[in-house]
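The values are calculated or read from the model by the stated rules, or taken from the named source; none is laboratory data. Please read all numbers here as calculations on a predicted model, not as lab measurements. No Cβ is skipped: glycine too gets one built from the backbone with ideal geometry, and neighbour counts run over all protein chains shown.
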Amino acid sequence: MWGNSCRRFKLATQLTLEVTPRELTGSGSVGRMRRNDDEVPGVVYGAGADNVNISLSTRVLSKAMQSDTFLSQIIELQMNDNAERVVVRDVQRHPANEAVTHIDFLRIREDREIQVAVPIRFVNEDNCVGVRLGGGTITKNLIEVEVSCLPRDLPESIVVDMETIDVGSAVHLSGLALPEGVTITGLGTSDDTSRDLPVVSVSILRAQLDEEEAVEGEELAVTEEGEAVTEEAGEAAATDDAADE
């Protein structure tokens, strides 16, 4: 169980999908199934059990995949009278139309850690001090991060609060707020900073600097032109005065 300080983290919700066992295999039978039955083939494997070939409704799968957290949540597969808890391990798509052609599910065990890519959710971007007061631009280097944890601790997303991030500052992997029991798989040790990648930063982009320099140049040109006109007018007035004398 999480402590009070971690209650702001939202656990990944569980999705339930109806699947049916699939006895026929091979590219020919799979292709006919997709065309005629409007179903997507898949496989369930892992946790020391046999692989099970399955199929599921294309429409149902497409609707489920509209969620940003589909690839990072626990899924319960209902097959006949049995249910298995899994996570998505791989999704294959058609190269031309991006339609899902195959999906792999990995069984999970409640007492073993799983590695899942969890989306990063950025909040308070409009109130970011580096943008609002410093005129900076937010650059997102990562939109997801792979974490390792027990299934019960899997977060729905990792939240990055942008409100206090100033120009010239960045949030690295080591600076992410993680729930208790959750670690980042690729971070390495504290002595190895090469893997501590920047997640998001606020900076003044080169294009912004060029634009500011161009504006300053135009203002300077206008000022110099005004000074030149004033100087010419003064010289003309002095000449007129000399002629009158």
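Some notes on this structure:
- Conditions (1) surrounded by 15 or more Cβ atoms within 10 Å (Cβ to Cβ); (2) charged (D, E, K, R); (3) more than 25 Å from Gly188 (Cβ to Cβ); (4) not assigned by TED's automatic domain parsing to the domain that holds Val52: number failed by Arg132: (1)
- Filtered residues of region 91-106 (kept if under 18 Å from Asp50 (Cα atoms) and out of contact with any Lys or Arg (no Cβ under 7 Å at 6 or more places or on another chain)): Ile103
- For region 137-159, the criterion of being more than 21 Å from Leu187 (Cα to Cα), surrounded by 14 or more Cβ atoms within 10 Å (Cβ to Cβ) and under 20 Å from the mean Cα position of the chain (by Cα) is met by at least one residue.
- Listed by first and then second residue, the pairs linking a residue in region 181-200 that is assigned to a helix (DSSP H, G or I) to a residue that is surrounded by 13 or more Cβ atoms within 10 Å (Cβ to Cβ), with Cβ atoms under 8 Å apart and 6 or more places separating them unless they lie on different chains, are Ser194/Gly188; Arg195/Leu173; Arg195/Gly186; Arg195/Leu187; Arg195/Gly188.
Residue by residue, here is whether (1) at pLDDT below 95; (2) at negative phi holds:
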{"site": "Asn82", "(1), (2)": "yes, yes"}
{"site": "Asp90", "(1), (2)": "no, yes"}
{"site": "His94", "(1), (2)": "yes, yes"}
{"site": "Asn97", "(1), (2)": "yes, yes"}
{"site": "Ile103", "(1), (2)": "no, yes"}
{"site": "Leu106", "(1), (2)": "no, yes"}
{"site": "Ile120", "(1), (2)": "no, yes"}
{"site": "Asn124", "(1), (2)": "no, no"}
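- Of all residues in region 40-70 being part of a strand (DSSP E or B) and among the β-branched types (Val, Ile, Thr), the one that is surrounded by the most Cβ atoms within 10 Å (Cβ to Cβ): Val40
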